[in-house]
Structure formats: C-alpha cells, structure tokens
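Take a look at the structure set out below.
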Amino acid sequence: MRATAHGSTADLTRPVVSLPEPDPSAAGGLPRRTLVGDLMTREVIAVDPRTGFAAVVAALREHHHDMLPVVDPERRVLGTVCSSDLLAKLAVSALPSHASLVESRQIRALRRRAPAVNARELMTSPPLTVTTTTGAAEAALVAVRHRVHHLPVVDEQQHLTGMVCLCDLLVALHREDDDIRSEVLYLAVAHTAGVDRSTLIVDCKDGHVVLNATAALRSQAEALAERVRAVEGVVDLLDSLRWHTDDTRTPTANSRS
C-alpha cells in the first residue's frame, strides 16, 4: 500500500469530514462541462468587409468591444478586426518614415498593416472561432494560446451566432464549494475509480479540494486525481490517495514465472 504526495500545502481551516455516499443516478449533469453556448453574448455587432476604417473605429468605440467579426451578407464569419489592427495606423506614425534593415518582425508587420483602409484589409483571416458546443476549457485554451480576448461563436456553416470573451469564460471557474465537493464525490464513487467507499473523505474550501481514499489499483488512484484536478472550479488538490496493488510497475526478469 502506497500513498501519493500530490497537491499543495493549502491550509483548510474547516475540518475534513467523511460524506455520505452520493446517489449517482441523481447527479444530473455531472461531471459538469460548461459550454460556450451557456456563456456567450448572442447580440453581436459585426461589420461588412467594405466597411471603412473610420466606421470600424466608431463601431469598436461605441460598443466597447476589443474585436469585431467581419461577415459576408449571409453572416458567415470571414475574419476579425481588433483594436490593435486599427492602432497600427497610429503606432506607425511614431516610427521613422523609412524602414530600417534591422527592424523586428513585429515592426515590419506594423508597417504592412498601417495602410489598410477597410475591414477586409484590416482583418485577420481565417478567424479563430468556436461553436456553442465547444467546452469552456477548450475555448479558454484557444484564447490563451492565441492571445485573444474575444472569440466569435459560429454554427456548422460558419454563420455568426454569438461572441464569447475571457470574462464570460471565467464563469466556469466560479462555483460553490458544495457543488465542487459533490462532483468530486461523484467521480470517486464511480465504478472505474475502484475506491473503497469506506475510506473516502472529501472536503472543499474556496476551491481547494482535500481528497483521501484507497483504490484497488495505483492507476485508478492516479486517474482519479487527474479527473478531480480537471473539475471546473478546482483551484488546487491536496490528496492522500492509496492503493492495494501497484499495477504501474514493470515486472523484472526475476519476478517472472
């Protein structure tokens, strides 16, 4: 029997208590997976590719957005225009009038974008988009990886149906401790977890989860810890997971029959 040493040294002032066995049939939508369709704004301002520079600036300022989708007459998303695209025209005026041979790639890109006069010339294409069935976690990965604050939401034909921003995605992380605790219990009592329910102890405070249990196999204990860390709203996991059999060790030649 071995114990893991995962997690942080979070100080939970509330004592860890053993919870009654949950009823998986009453778990509803667990494990929870928040979808973009639950978070997005449905009324979205978009511009035509022929929209002039001044009109795009006005639209961004009026609606306090950082980005506007560029759409065709059928509302299919062709690209996106963000504030930095527009500011290239302003920023380039602070550069020397003649390009230097040692200018960075970023400055050269700035000079290329500065002459744009309409949305088609300003836009980034193809656009980064998500759908209503994209998970909040997947949308967050796209946004963080590409350093964007807004993502157009499209249907299967690329028609614009909404917009989701980073602040919207934060909703997936804002959960009550009891809800997180219930989901962790739901995962722990699943048949695949192999947990001896008499050993199960779970607590959660401010998103910090404490999980103690004994599983049949080491692989089951490690998989459970990974699933718990992926629960929406979990800030940290402090686990004392044990197992009866270490099935991850490679048998040595001497141990073979």
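The values are calculated or read from the model by the stated rules, or taken from the named source; none is laboratory data. Everything numeric here is computed off the predicted structure, so don't read it as measured data. Here Cβ is always computed from backbone atoms with ideal geometry, including for glycine, and neighbour counts include all displayed protein chains.
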### Query
Residue check, ARG249 against (1) among the charged types (D, E, K, R); (2) closer than 30 Å to ALA139 by Cβ; (3) at pLDDT below 95, all met but one. Which one?
(2)
### Task
Only residues that are out of contact with any Asp or Glu (no Cβ under 7 Å at 6 or more places or on another chain) and among the hydroxyl-bearing types (Ser, Thr, Tyr): list them for segment 132-183, please.
THR132, THR133, THR134, SER182
### Task
Would you please list the contacts, defined by Cβ atoms under 9 Å and residues six or more apart or on different chains, that run from a residue in segment 218-233 that is at positive phi to a residue that is of a type in the set (D, E, K, R) and not in a helix (DSSP H, G or I)?
GLY233/ARG32; GLY233/ARG175; GLY233/GLU176
### Query
Does ARG249 qualify as being under 26 Å from the mean Cα position of the chain (by Cα) and either surrounded by fewer than 21 Cβ atoms within 10 Å (Cβ to Cβ) or closer than 30 Å to ASP85 by Cβ (or both)?
no
### Query
Is it the case that some residue within segment 85-97 is under 22 Å from VAL153 (Cα atoms), not in a strand (DSSP E or B) and not aromatic (Phe, Trp, Tyr)?
yes
### Message
On the basis of being assigned to a helix (DSSP H, G or I), without any contact (Cβ under 8 Å) to a residue 24 or more places away in the chain, more than 30 Å from ASP179 (Cβ to Cβ) and outside the structural domain of VAL228 (by TED's automatic domain parsing), does ARG120 make the cut?
### Response
no
## Note on the structure
Those residues of segment 142-184 which are touching a helix residue (DSSP H, G or I) at 6+ places or on another chain (Cβ under 7 Å), surrounded by fewer than 18 Cβ atoms within 10 Å (Cβ to Cβ) and either in a helix (DSSP H, G or I) or not assigned by TED's automatic domain parsing to the domain that holds SER83 (or both) amount to LEU166, VAL171
### Message
Would you confirm, using the coordinates I've provided, whether VAL117 is in contact with a strand residue (DSSP E or B) (Cβ under 7 Å, 6 or more places away or on another chain), of a type in the set (A, V, I, L, M, F, W, C), under 19 Å from LEU68 (Cα atoms) and surrounded by fewer than 15 Cβ atoms within 10 Å (Cβ to Cβ)?
### Response
yes
### Query
So GLU103 clears everything in (1) among the acidic types (Asp, Glu); (2) under 19 Å from PRO69 (Cβ atoms); (3) over 33 Å from the mean Cα position of the chain (by Cα) except one condition, right? Which one?
(2)
#### Entry: Leading residue by the ranking (nearest to the chain's Cα centre (by Cα)) among those in segment 61-75 that are in a loop (DSSP other than H, G, I, E, B) and under 15 Å from GLN157 (Cα atoms)
ARG75
